[in-house]
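Read-outs throughout are calculated quantities, based only on the coordinates presented, and are distinct from any laboratory measurement. Please read these numbers as outputs of a predicted model, since none were measured by experiment. Cβ placement follows ideal geometry from the backbone for every residue including glycine, while neighbour counts extend to all protein chains displayed.
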Amino acid sequence: MFISTVVSIGVVGLGPMGRAIAYYLVRHTNHVVNGYDASEEAINEARRIGVNSVVKADVSREEDLRRIADVNDVIVSAIPQSIADEVVLKFHELDKPIIDLIFMWKYNEDLARKLSNGQIVVPACGWAPGLTNLLAMAAASELEVVEEVGIHVGGNPVDPRPPLYYELLFSLGSTVDEYVRPATIIRDGRVVSVEPLAEVFDFRTWLVSGEFAEFYTDGLSTLLVTLPKYFSTLRSAYERTIRWRRHLEVMRNLKDLGLLGDVETAKLVLSKSLKPGTNDFSITVVEARGEASGDRAIVRFEGVDYAQGGFTSMARLTGFTAAIVTDLVARGKVKGEGLTSIEEAYIGNRNLLNDVINGLGREGIKFWRSVTSIVK
């Protein structure tokens, strides 16, 4: 793809997730890493981790986007959800490969059609969606008959305290979305929309001690299209977000009181008690259920990670995954034309799973794979 394996990578947005991306690229690749943000504080933090060049930029200005495109071979974007679509489309128009954390979080067929060709665009490439998409496709691909794919993920404070038993681990807007925006899942072979918090499920894991529960959230992203494409027997696919049980009890009470009816009301209510957190842990359980060798089988990937090195666990999983995929795109190991989800890239290159898992392992993030067979 490129003449040299050393290329210039532009990291656009240097908040917690973007800073984690830049850190990983600086520490584990030999690429030139350039950072861009409108915040002086974010710029200073990026300089401290050794980013080659850090420039103040406003992504709402077309001239700034053009300037970034002119000096970088590959772009990785960690900007807010509210402006991600516009920025991704502009970089694509400027003929640059782009990896984005949030673009296509909610799958949009109209946007997908706009990106049917040209340079590769890797959407929703963080932890969930992103890493979870890759694990879901890998797990399902081990089965001969795929019936169900379940994603169970959640970042939580190590020390949950009242009144909400939760802390702000990413943007307030995206946090509120989880409790307000309907979740799109596959149920009985059909794509359906379900209300968040309408159903709350028990969640137990050997990874962490404690009382947890989970609820449907809107994180399948491109899996809504790719899973049915490759597995005609699929009947169910969903993402559920894991929280401390007491937190979800509080949130259901707020919903029953009508205080989570819309995004702005919910933001006003939650902003009074939600404070930024730094000491978190993240649970990931992705499983595919169906048949293998004539028996019932479950293929499962599981992992838990904790904050360290100045990064929350959520930033580590999100930013490091995006950085690894960005490096693979830069080195021509992940290829595609136009919109190419991480799970589609896996179908084209099965080594991608090991590349990502091994890359995360360089920062102490581990996953366990298991296959459970149930003889008929």
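Computed quantities for the displayed model
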| read-out | value |
| --- | --- |
| Ascending count of other beta-carbon atoms within 10 Å, so fewest first, for ASP110, ASP256 | ASP110, ASP256 |
| Helical contribution to [θ] at 222 nm, DSSP H n ≥ 4, -39,500 (n - 2.57), averaged over the chain, rounded to 500 | -11000 deg cm²/dmol |
| Amide H contacts of LEU207 (H built 1.01 Å from N, under 5 Å, at least 5 apart or other chain) | none |
| Fewest-first sequence of ILE374, ILE79 by Cβ atoms within 10 Å of each Cβ | ILE374, ILE79 |
| Nearest-0.05 FRET efficiency for ASN30 and LEU259, computed from C-beta distance (R0 56 Å) | 0.65 |
| Partners for LYS96 among lysines (Cα-Cα distance below 26 Å; same-chain residues under 8 apart left out) | LYS56, LYS106, LYS114, LYS333, LYS335 |
| Residues with amide H under 5 Å from that of GLY338, placed H, sequence gap 5 or more | GLY118, GLN119, ILE120, VAL121 |
| Straight-distance crosslink candidates among lysines, where the alpha carbon sits under 18 Å from LYS275 and sequence neighbours closer than 8 are dropped | LYS267 |
| Calculated from backbone phi, Karplus (6.51, -1.76, 1.60) coupling profile of the range 36-51 in Hz, x at Gly/Pro | 9, 6, 8, 9, 5, 4, 5, 5, 5, 4, 5, 4, 5, 9, x, 4 |
| Amide hydrogen neighbours beyond the local backbone of VAL145, cut-off 5 Å, H modeled | GLU291 |
| The chain: relative contact order in percent, alpha carbon pairs under 8 Å with at least 6 residues between | 21 |
| Cα-based shape type of the range 1-95, given that a ≥ b ≥ c are square roots of the gyration tensor eigenvalues and the cut on a/c is 1.5 | oblate |
| Gaussian network model of the chain, springs between alpha carbon atoms under 10 Å - residue of ASN117, ASN354, ASN34 with greatest fluctuation | ASN354 |
| Peptides 201-208, 341-348, 313-320 ordered by average Cβ neighbours within 10 Å, highest first | 313-320, 341-348, 201-208 |
| Share, in percent, of DSSP beta bridges within the chain that are antiparallel, nearest 5 | 65 |
| Where GluC sites (Glu not before Pro) fall in DSSP loop in the range 122-216, at most 10 other Cβ within 10 Å | GLU211 |
| Estimated distance in nm for a label pair at SER370 and ASN279, the labels positioned 7 Å out from Cα along Cα-to-Cβ | 2.9 |
| C-alpha center-to-center spacing [the range 13-61, the range 190-230] in angstrom | 33 |
| Prolate/oblate/rounded label for the chain (Cα gyration tensor, a/c 1.5) | oblate |
| Under 13 Å, Cβ to Cβ, from VAL158 - net charge with Lys/Arg +1 and Asp/Glu -1 | -3 |
| ALA198 versus ILE83: modelled label distance in nm, points set 7 Å from Cα along the beta carbon direction | 3.5 |
| Cα→Cβ-extended label distance, 7 Å offset, between VAL269 and SER39, nm | 2.7 |
